[in-house]
Amino acid sequence: MGRGVLEVLLVDAKGLAGNDFLGRLDPYVVVQYRSQERKSSTARDQGRNPSWNEVFKFQINSTAANVQHKLILRILDHDNLSSDDFLGEASINVADLISIGVEKGTSELNLARYSVVTADNSYRGEIKVAITFTAAKRFLHCYRVYACEVDVIGNLEVYVP
């Protein structure tokens with residue numbers, strides 16, 4: 001499929017649903033592309049409408065066309081006294097974004113809101129992100145050899161005018 005860098009701008013979330021023991025949410029996001037994960041900061045005391053404004057970069061190095069190119073954003077509530085609570089997730093297919101980026105050098109999905117859902121597809125709010133893919137630059141190094149000469153010891157000498 002392609003090689004390059006996938007850059008994710010995590011902006012904010014709105015209307016997150018969740019229950020916290022003390023009644024307030026301290027959400028953070030785990031952004032995942034295949035086996036790579038990045039974690040946002042915790043939006044302390046921002047409740048159901050947190051803001052992050054953070055950028056995450058993922059190295060893309062895939063030549064297989066049949067691989068799923070999905071970006072998953074899992075939102076969790078940070079808890080001090082118990083394990084963190086899963087609030088929901090958004091899934092974004094980035095296969096076309098990567099394909100176009102490979103062809104044109106770069107491509108982007110402008111800021112947009114994506115539904116945050118649970119495993120049973122229950123709506124839990126929305127998350128706003130922008131995504132850019134920049135293809136790796138390819139360099140081709142060519143050398144033209146005009147004449148070669150082998151000396152008596154067997155070393156090759158190359159002359160390039």
(message) Skipping prolines and chain starts, which residues have an amide H placed within reach, meaning under 5 Å, of the one on Thr106, given they are 5 or more residues away or on another chain?
(response) Ala135
(message) Amide H of Val116 versus every other amide H placed in the peptide plane: which residues, excluding those fewer than 5 positions away on the same chain, fall under 5 Å?
(response) Arg124, Gly125, Glu126, Ile127
(message) Using a Förster radius of 25 Å, what is the FRET efficiency between Arg44 and Asp120 based on their Cβ-Cβ separation? Nearest 0.05, please.
(response) 0.30
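Quantify, in whole percent, the carbon and sulfur part of the accessible surface of the stretch 1-136 (1.4 Å probe; protein heavy atoms only).
Using a 1.4 Å probe with all protein chains present, the stretch 1-136 comes out at 45 percent carbon and sulfur.
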(message) Using a 7 Å offset from the Cα along the Cα-to-Cβ direction at both Arg24 and Lys57, what is the distance between the two label points in nm, to one decimal?
(response) 3.5 nm
(message) Using a probe radius of 1.4 Å on heavy atoms only, what accessible surface per residue do you get for the stretch 28-84? Whole Å² is fine.
(response) 58 Å²
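So between Lys104 and Val67, what do we pick up on full extension, going 0.36 nm a residue minus the alpha carbon distance?
Working: separation 37, 0.36 × 37 = 13.32 nm, distance 2.08 nm.
Computed gain between Lys104 and Val67 is 11.2 nm.
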(request) Please list, in chain and number order, the residues 5+ apart from Lys70 or on another chain whose amide H is under 5 Å from its amide H, with Hs placed from the backbone. (result) Arg34, Val94
(request) Please turn the phi angles of the stretch 4-18 into ³J(HN,Hα) values with the Karplus equation 6.51 cos²θ - 1.76 cosθ + 1.60 (θ = phi - 60°), one per residue in order, whole Hz, x for glycine and proline. (result) x, 10, 9, 10, 10, 9, 8, 9, 6, 9, 9, x, 5, 9, x
(request) With θ set to phi - 60°, apply the Karplus curve 6.51 cos²θ - 1.76 cosθ + 1.60 along the stretch 41-56 and write out the HN-Hα couplings as whole Hz, x wherever there is a Gly or Pro. (result) 6, 8, 7, 5, 6, 9, x, 7, 10, x, 10, 10, 6, 10, 10, 10
(request) Quick one: what are the phi-derived ³J(HN,Hα) couplings along the stretch 69-85, Karplus 6.51/-1.76/1.60 with θ = phi - 60°, whole Hz, x for glycine and proline? (result) 10, 10, 9, 10, 10, 9, 9, 10, 9, 6, 10, 7, 9, 8, 5, 5, 9
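The values are calculated or read from the model by the stated rules, or taken from the named source; none is laboratory data. Since the model is a prediction, treat every value here as computed from it, not as a measurement. As a convention, Cβ positions derive from the backbone with ideal geometry for all residues, glycine included, and neighbour counts pool all protein chains shown. Protein only, heavy atoms only, side chains kept; ligands, DNA and RNA dropped before computing areas. Shrake-Rupley method; radii C 1.70, N 1.55, O 1.52, S 1.80 Å.
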